[in-house]
Amino acid sequence: MEFFLGHYAYWFIIVLLCIGLYTIMFKRNLVKKLIGLSIFQSSIILFWVSSASKWNATVPIYDSAYSIENTANYINPLPHTLMLTAIVVGVATLGVAFALFVLVYKRFKILNEDVIIQEMKSESE
Amino acid sequence: MNRIDESPIVLIVCRVLSPFIMLFGLYIIAHGHYSPGGGFQGGAMLAAGLLIIRLALGTTLSELHFRRAWGLPAGVMGVLIFFAIGLVTMFMGGEFLNYEYFIIPGITGAMLRSMTILLVEVGVGLAVMGIIVSIYDDLMDGKGN
Amino acid sequence: MKYLRFLLLISFGVLLVYGSLGLPDRGDGEAVFNRELSPAGTVNAASYHIQNAYKDAATPNMVTVILADYRSFDTLGEVIVIFTAGIICYLLLRKRKVKHE
């Protein structure tokens with residue numbers, strides 16, 4: 001029972017990761033694949049942030065009612081810092097991907113990966 | 001998506017909400033010392049306050065609010081503020097980005113580090129805001145009413 | 001072919017669940033990254049940041065102090081990443097003037 005209470009959050013996050021991976025692998029439209037990539041990134045960020053918690057601890061902002069000599073009063077602030085960077089990297093990746101989609105659409109007139117691969121094969125012959 | 005929206009509710013609500021969203025974004029940057037917040041979050045809120053006008057009114061009318069040509073220079077100014085702080089500390093004798101060697105007239109010690117953190121957060125917020133608005137304007141490419 | 005990809009997805013999920021059985025409990029105060037001292041005997045990174053953030057920078061918010069003071073070089077790299085993304089979008093999507101000879 002203790003084991004289940006300690007680990008159920010990780011299993012939910014793995015389900016979210018598999019939903020994102022399914023969208024990347026099995027959908028044929030390029031924009032839907034990008035949505036799957038965004039779901040994947042969100043699940044990774046959620047995993048890191050949820051592993052930084054402690055029982056009976058408060059947010060990492062100094063409060064004079066809880067002493068900082070006892071570090072069990074505050075949750076671990078390092079994963080939150082690293083995930084701020086990861087969120088901004090995700091936004092930058094999405095922006096560049098949309099710019100590439102605009103150029104692909106201007107060239108091929110459709111955003112379906114089967115048709116695009118077919119056109120690329122037939123014009124290289 | 002490209003035309004000015006015909007529904008009066010959307011027009012009025014977006015025009016009323018935009019200054020309040022930007023004020024709240026500035027509040028989040030400035031209160032990064034005392035509550036959750038800081039540069040990245042405040043910069044994203046400021047960009048949201050600008051983008052809501054572009055989505056509701058179309059690209060021609062929102063040129064009066066924030067021009068297309070101001071997006072990328074705002075991003076460059078944010079990066080330059082961050083670099084300038086690092087170079088000033090290097091010229092004053094310390095390492096790159098060691099805040100003990102920064103100059104603000106009349107403040108030393110831990111308060112100097114606190115004020116320099118605020119300057120760095122303002123630079124980061126400006127950079128994030130400018131780049132997000134610039135990416136949207138490049139995707140729209142001047143089309144749209 | 002489609003069933004092979006499905007099998008790959010299911011086996012990836014099962015492998016991840018098997019790997020998560022070895023993780024410490026969520027919220028455990030005695031996990032290795034939550035203690036006071038690291039296994040090598042030096043001070044732990046998280047507990048050093050918690051104990052010294054308010055003394056060094058006079059700022060209650062520990063995450064801002066870590067992001068902009070102890071690890072400001074990483075934040076500089078981050079701003080360079082998002083600036084590069086903006087420059088890439090500008091270079092890909094501007095209109096070129098075509099010269100007619």
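The values are calculated or read from the model by the stated rules, or taken from the named source; none is laboratory data. Being a predicted model, the structure only gives us computed values, none of them experimental. FYI the Cβ positions are ideal-geometry reconstructions off the backbone, even for glycines, and counts take in every protein chain you see.
Failed condition for A:Lys54, given (1) in contact with a strand residue (DSSP E or B) (Cβ under 8 Å, 6 or more places away or on another chain); (2) under 30 Å from B:Val133 (Cβ atoms), with all others met?
With (1) in contact with a strand residue (DSSP E or B) (Cβ under 8 Å, 6 or more places away or on another chain); (2) under 30 Å from B:Val133 (Cβ atoms) applied to A:Lys54, the lone miss is (2).
Do we find a residue being outside any helix (DSSP H, G or I) and facing chain A (nearest Cβ under 10 Å) anywhere in the range C:42-52?
Checked against the condition, which is being outside any helix (DSSP H, G or I) and facing chain A (nearest Cβ under 10 Å), the range C:42-52 yields at least one hit.
Would you pick out the residues in the range C:57-75 that are within 17 Å of A:Val49 (Cα to Cα), crowded, with 24+ Cβ neighbours inside 10 Å and hydrophobic (A, V, I, L, M, F, W, C)?
C:Met62, C:Ile66, C:Leu67
Among the residues of the range C:2-46, how many are exposed (fewer than 10 other Cβ atoms within 10 Å of the Cβ) and at positive phi?
1
Hey, can you tell me all the residues within the range A:76-89 that are of a type in the set (S, T, N, Q) and either modelled with pLDDT of 95 or more or assigned to a loop (DSSP other than H, G, I, E, B) (or both)?
A:Asn76
Across the range B:89-100, which residue is nearest to the chain's Cα centre (by Cα) among those that are loosely packed, with under 15 Cβ neighbours inside 10 Å and not charged (D, E, K, R)?
The extreme case among them is B:Phe96.
Count, please, the residues in the range B:18-36 that happen to be crowded, with 22+ Cβ neighbours inside 10 Å and either of a type in the set (Ser, Thr, Tyr) or in a loop (DSSP other than H, G, I, E, B) (or both).
The total comes to 1.
For the range B:56-75, what are the residues that are buried (at least 16 other Cβ atoms within 10 Å of the Cβ) and not charged (D, E, K, R)?
Once the filter is applied, which keeps residues that are buried (at least 16 other Cβ atoms within 10 Å of the Cβ) and not charged (D, E, K, R), the range B:56-75 yields B:Ala56, B:Leu57, B:Gly58, B:Thr59, B:Ser62, B:Phe66, B:Gly71, B:Leu72, B:Ala74, B:Gly75.
Looking at A:Ile110, A:Ile116, which one is out of contact with any Cys (no Cβ under 9 Å at 6 or more places or on another chain), of a type in the set (A, V, I, L, M, F, W, C) and assigned to a helix (DSSP H, G or I)?
Of A:Ile110, A:Ile116, the one residue that is out of contact with any Cys (no Cβ under 9 Å at 6 or more places or on another chain), of a type in the set (A, V, I, L, M, F, W, C) and assigned to a helix (DSSP H, G or I) is A:Ile116.
Suppose we filter the range C:13-32 for residues that are more than 7 Å from every other protein chain (Cβ to nearest Cβ) and of a type outside the set (D, E, K, R); how many remain?
9
Within the range B:86-145, can you find the residues that are in contact with a Lys or Arg (Cβ under 9 Å, 6 or more places away or on another chain) and farther than 30 Å from A:Phe101 by Cβ?
Correct list: B:Tyr99, B:Glu100, B:Phe102, B:Ala110.
Can you report the number of residues in the range B:46-101 which are in a helix (DSSP H, G or I), closer than 30 Å to B:Glu6 by Cα, free of Cβ contacts under 8 Å to residues at least 60 places away in the same chain and charged (D, E, K, R)?
1
Which one of these is assigned to a loop (DSSP other than H, G, I, E, B) and under 21 Å from the mean Cα position of the chain (by Cα): A:Ala65, A:Ala92, A:Ala52?
Of the residues listed, the single one that is assigned to a loop (DSSP other than H, G, I, E, B) and under 21 Å from the mean Cα position of the chain (by Cα) is A:Ala52.
Please verify whether C:Ile82 is within 7 Å of another protein chain (Cβ to nearest Cβ) and either part of a helix (DSSP H, G or I) or surrounded by fewer than 11 Cβ atoms within 10 Å (Cβ to Cβ) (or both), treating the condition exactly as stated.
yes
Return the residue satisfying two criteria in turn: it lies in the range B:103-145 and is farther than 30 Å from C:Cys89 by Cα and of a type in the set (S, T, N, Q), and of such residues it is surrounded by the fewest Cβ atoms within 10 Å (Cβ to Cβ).
Checking each candidate, the answer is B:Thr108.
For (1) within 12 Å of chain C (Cβ to nearest Cβ); (2) touching a residue at least 12 places away in the same chain (Cβ under 8 Å); (3) crowded, with 16+ Cβ neighbours inside 10 Å; (4) farther than 18 Å from A:Phe98 by Cα, each residue gets a yes or a no:
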position: A:Ile19; (1), (2), (3), (4): yes, yes, no, yes
position: A:Val31; (1), (2), (3), (4): no, yes, no, no
position: A:Leu37; (1), (2), (3), (4): no, yes, yes, no
position: A:Ala57; (1), (2), (3), (4): yes, yes, yes, yes
position: A:Ile61; (1), (2), (3), (4): yes, no, yes, yes
